[in-house]
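K.L.:
Take this structure, written in structure tokens, and hold onto it; I'll ask about it next.
The values are calculated or read from the model by the stated rules, or taken from the named source; none is laboratory data. Computed from a predicted structure; not experimentally measured. Reconstructed Cβ throughout: ideal geometry from the backbone, glycine too, with neighbour counts over all protein chains shown. When the accessible area is computed, the model is the full protein with side chains, heavy atoms only, and any ligands, DNA or RNA have been set aside. Shrake-Rupley method; radii C 1.70, N 1.55, O 1.52, S 1.80 Å.
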Amino acid sequence: MAAPEGGHGPGRGERADREKYAHLLGHAGRATVAVRPAPGVTPAPLWGSGVFVAPGWVLTCAHVLTSGDGRRRATGPDGEVGVAFDGRVAAARLEYDLSRPAPLRAAAPPCGTAGEDGPEAPEDPDTGREAAGSGPAPAPGPRVDLALLRLLDPGIQHPCAWLSDQPAALLEDAFIFRGHDQDPPGAGRGPVSGAAPDPGAAPVDPFIAVRFGARDARGLQFGTDVRVTPGASGGPLLDCDRGEVVGIVKGSHREDRLGLAVPVTELRGLAPHHLVPGAAGLGDDPYHALMGLHDRWHWAGQDLGGPGEPTWFDAQHAIMSGRGRLWGVQERLQALDLLASLPAPRDPLVVAAAVAEALGRADPLGRTGRAGPWTLRTWRDGHGALYQGSDPYTELCAFVHYLRIVAQRTADEAREVPGDEGVALRTAAERLELFVTAKAVVLLPRDRERIGPVRRRPDALLVEFEPLFYDDAGGRQLFNWSVSEGYGQGRWQRVEIQETRDGMPFEQACDQVLRRLGPRLLRADDAAGGAKVRLEVAVPEERWHTPADRWRVPASTRRAARLRPLGPARAVVLRDQGRRQEVDPAWLRRWQGLTAAGRMTALRVPAGPRASVSGLSRLLEEADEGAVPALCRSVADGTGLEAVGWTLDTGHPVALWLAEGHGERDCDRVCDAFHREVSQLLGAPKSVAEIPELVRELRAKAAEGGASWARDLVLLYDDPDNPIPQLFPGATQLSPP
């Protein structure tokens with residue numbers, strides 16, 4: 001702000017505030033710009049101010065770019081305007097105008113109340129319209145007096161202000177800023193013109209202290225000890241107590257010392273329809289993209305370990321040190337950088353729900369029961385909503401809890417994203433998870449238990465039977481067993497294990513598993529948001545006929561709960577215990593061919609009544625990429641057992657057979673009908689990933705009396721992109737989530 005009217009210098013109180021906030025005011029002043037005609041245009045009066053909020057982006061008021069009669073100001077040949085800062089003028093262009101009406105609303109010219117050189121008057125509290133000099137009445141619906149300018153030269157280096165992530169209510173120590181309205185030496189020589197300011201020029205004070213400030217329905221109202229000088233519209237309103245820009249100056253009364261600012265939280269309404277015609281913009285979610293650029297710039301500016309210059313963060317840290325905050329500016333800076341690397345939430349309501357859970361509230365929308373002007377759009381907004389004036393420890397718990405929820409949700413969604421994008425998203429979720437884990441160390445044990453670790457949503461439960469040896473008495477094979485939760489991409493966490501030196505018969509191992517499996521599945525379903533997770537059962541040779549889909553488990557945790565079969569309610573698949581983390585090339589090649597095949601076809605195995613070993617291996621080796629082996633014979637022994645062995649040895653990841661197929665006799669009409677049904681089944685899905693669910697639907701029909709051929713159907717579904725874990729706990733395996 002220029003020197004107070006009348007030439008009087010700042011008072012004693014303002015000088016004291018300046019000394020206390022000297023570094024912060026310096027950063028804010030350097031981030032403030034003057035908005036004016038494009039470079040080379042003369043005359044070049046000051047239209048208003050603005051502030052850099054992200055690399056190449058200036059936030060200002062929309063009315064700064066309109067004249068007093070509401071018409072758009074004259075610009076350069078390509079719509080250029082000038083942005084003056086640091087002794088130079090850079091070319092910029094209007095990209096977003098938040099005063100543009102939403103689609104399907106009646107359009108109206110952007111309203112502005114400023115004279116050519118001065119800010120507008122605030123809205124009249126009685127009429128709701130702008131006071132003296134107002135333009136046409138806006139269209140129905142909220143219209144925010146904000147705009148974003150983009151520098152045409154992306155290589156220009158400049159500082160950025162820190163935008164608050166929380167709404168402002170009361171202002172005690174605050175300043176407003178105004179862009180420099182004097183022509184820099186050499187102005188008009190190009191898109192970026194001018195040199196360093198003339199050291200002999202009269203000093204200009206770019207800010208003025210705010211005596212009081214408070215938010216009401218119209219925005220942030222503030223009062224000053226001196227009249228606000230024309231040209232302040234669009235400049236930042238800085239809350240020094242928090243070290244943040246909380247508003248953009250909208251205007252002031254011409255006779256008194258009251259002004260109005262647009263809260264920066266109004267930026268949350270930034271949407272694609274605010275993009276002006278011909279502008280490039282920031283994509284489908286411009287608000288998320290803009291704030292991501294903002295937060296990453298401030299984190300990168302720390303230059304950890306380097307000789308960097310003092311930053312906005314350093315000024316904030318100096319102001320807020322000694323306040324006893326456990327979640328300070330350093331934690332906030334790093335947390336917002338980590339959140340900026342995540343995609344925007346699919347639904348803003350999940351942000352409100354995460355905030356409510358972190359704060360221990362039942363109502364995600366707060367006490368009002370509805371979304372208000374501070375509606376949370378991104379994870380960053382949710383972070384700002386956690387500042388509740390609680391004691392430092394309670395506040396720390398809320399932030400750790402909230403970030404754990406975000407890390408959990410992101411990790412869950414990352415599994416559904418393919419390719420490099422999925423890898424990048426999982427990496428970002430893991431970085432946030434490590435940050436949460438580090439910050440949770442200082443919490444009390446009861447709070448760590450209440451908040452819980454970052455646990456990904458399981459999408460499968462794996463039961464594995466580990467063969468040991470044959471006992472001395474009856475020559476029976478003995479087993480140990482384990483249960484693991486699966487999180488995709490070969491990530492498994494063993495949640496239960498029965499491991500003894502002597503082992504037990506297979507039937508006894510099954511009984512033990514079934515007594516524990518019901519509650520495990522119910523907990524996994526609950527963690528998956530109510531979806532039925534897939535049950536995968538890994539068995540060795542000679543157990544490939546195990547009818548796991550017919551296993552019966554309790555329907556609830558109630559002691560006298562009814563038993564129900566698994567197959568009709570959830571996908572149940574068999575996995576080969578012999579294929580693990582070391583993925584065989586033939587297995588991977590077959591899987592890739594199957595997923596890329598235009599259509600899947602059933603391969604009848606064996607092909608004839610008499611099948612030799614060489615015939616089986618050749619048939620399966622030479623099968624088409626989309627072939628899925630199907631067997632109607634018993635796979636417990638004989639030709640069927642040999643056929644399954646060759647199916648796996650030749651890399652086939654998917655196959656179908658009957659738990660109670662026929663023996664070595666020749667096939668009959670029942671077998672022919674079975675293979676016709678399998679062919680029809682495989683012709684239905686568009687991808688191999690749909691097969692487990694289609695088989696489940698068939699089992700459900702069979703349980704109700706239909707599709708009787710599928711009553712004994714066993715599905716081998718062995719995905720090499722998600723191999724089962726190493727056999728022994730001591731062996732190398734991927735880190736559990």
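K.L.:
Could you tell me the center-to-center distance, by alpha carbons, between segment 610-662 and segment 255-325 in angstrom?
P.N.:
Computed from Cα coordinates, the inter-centre distance equals 62 Å.
K.L.:
Could you go through segment 537-547 in sequence order and give the Karplus-derived ³J(HN,Hα) for each residue, using 6.51 cos²θ - 1.76 cosθ + 1.60 with θ = phi - 60°, rounded to whole Hz, and x for Gly and Pro?
P.N.:
Whole-Hz 3J(HN,Hα) from phi for segment 537-547: 10, 9, 10, x, 4, 6, 10, 6, 8, 4, x.
K.L.:
Just to confirm, what accessible area per residue do you get for segment 464-553 at 1.4 Å probe, in whole Å²? Show your work: numbers first, answer last.
P.N.:
Working: 4060 Å² over 90 residues.
In whole numbers, segment 464-553 has 45 Å² accessible per residue.
K.L.:
Give me, ordered by chain and number, the residues 5 or more places off T229 or on other chains with an amide H under 5 Å from its own placed amide H.
P.N.:
Here A2 satisfy the definition.
K.L.:
Just for the Cα atoms in segment 206-280, what are the lengths along the principal axes, largest first, rounded to whole Å?
P.N.:
43, 27, 26
K.L.:
Describe numerically, in nm with one decimal, the distance between label points set 7 Å from Cα along Cα→Cβ at R450 and at D526.
P.N.:
About 1.9 nm, to one decimal.
K.L.:
Could you tell me whether segment 262-334 comes out rounded, prolate or oblate from its Cα gyration tensor? Rule is a ≥ b ≥ c as square roots of the eigenvalues, rounded for a/c under 1.5, then prolate if a/b exceeds b/c, otherwise oblate. Mind showing how you got there, number by number?
P.N.:
Values: a/c = 3.20, a/b = 1.94, b/c = 1.65.
Verdict is prolate for segment 262-334.
K.L.:
In addition: Counting only protein heavy atoms, what percent of the accessible surface of segment 518-664 is carbon or sulfur at a 1.4 Å probe?
P.N.:
Values: 3160 of 6580 Å².
Answer for segment 518-664: carbon and sulfur cover 48 percent of the accessible area.
K.L.:
How do the peptides 612-621, 423-432 rank, highest first, by the average count of neighbouring beta carbon atoms within 10 Å per residue? Could you put the intermediate results ahead of the total?
P.N.:
Numbers: 612-621: 15.8, 423-432: 18.1.
Ranked by mean Cβ neighbours within 10 Å, highest first: 423-432, 612-621.
K.L.:
Where does each of 550-561, 341-352 land if you order them by average Cβ count within 10 Å, highest first? The partial results should precede the final answer.
P.N.:
Details: 550-561: 13.3, 341-352: 17.8.
For the peptides 550-561, 341-352, the packing ranking is 341-352, 550-561.
K.L.:
Continuing with this model, one more query. Distances longer than 17 Å among the Cα atoms of segment 571-666: what percent of all pairs is that? List each step's numbers first, then the result.
P.N.:
Working: 2223 of 4560 pairs.
Value for segment 571-666: 49 percent of Cα pairs lie more than 17 Å apart.
K.L.:
Follow-up question, since we're still on this one. Per residue, what accessible area does segment 230-271 have, given a 1.4 Å probe and all protein chains present, in Å²? Please report the intermediate quantities before stating the final value.
P.N.:
Details: 980 Å² over 42 residues.
Per-residue value: 23 Å².
K.L.:
Sticking with this one: Using amide H atoms built 1.01 Å from N in the peptide plane, name the residues 5+ places from R73, or on other chains, whose amide H lies under 5 Å from its own.
P.N.:
T66, S67
K.L.:
Using 0.36 nm per residue, how much length does the chain from D511 to D721 gain when fully extended, once their Cα-Cα distance is taken away?
P.N.:
Values: separation 210, 0.36 × 210 = 75.60 nm, distance 3.06 nm.
Working it through step by step, the gained length comes to 72.5 nm.
K.L.:
Here's another thing I want to ask about it. What is the extension gain from R669 to A280, computed as 0.36 nm multiplied by their sequence separation minus the C-alpha to C-alpha distance, in nm to one decimal?
P.N.:
Details: separation 389, 0.36 × 389 = 140.04 nm, distance 6.63 nm.
That pair, R669 and A280, stretches by 133.4 nm at full extension.
K.L.:
Which peptide among 409-418, 582-591 comes first, and what is the full order, when sorted by highest mean count of other Cβ atoms within 10 Å? Intermediate results must be reported in sequence, preceding the final value.
P.N.:
Numbers: 409-418: 18.0, 582-591: 15.4.
Output ranking for 409-418, 582-591: 409-418, 582-591.
K.L.:
Name the lysines eligible as straight-distance cross-link partners of K532: C-alpha to C-alpha under 16 Å, and not fewer than 8 places from it in the same chain.
P.N.:
K532 reaches no qualifying lysines.
K.L.:
Rounded to the nearest angstrom and ordered from largest down, what semi-axes does the equivalent ellipsoid of segment 465-611 get from its C-alpha gyration tensor (root of 5λ)? Working shown, then result.
P.N.:
Numbers: eigenvalues 152, 110, 57 Å².
They are 28, 23, 17 Å, listed from largest to smallest.
K.L.:
Now for a different question. If the viscosity is 1.002 mPa s and the temperature 20 °C, what translational diffusion coefficient in µm²/s does Stokes-Einstein give for segment 480-560 when Rh comes from Kirkwood over Cα pairs?
P.N.:
Details: Rh = 14.1 Å.
Estimated via Stokes-Einstein, D reaches 152 µm²/s.
K.L.:
Counting only C-alpha contacts under 8 Å and six or more residues apart, can you give the relative contact order of segment 423-545 as a whole percent? Walk me through the numbers on the way to the answer.
P.N.:
Working: 145 pairs, mean separation 32.6, N = 123.
About 26 percent, as a whole number.
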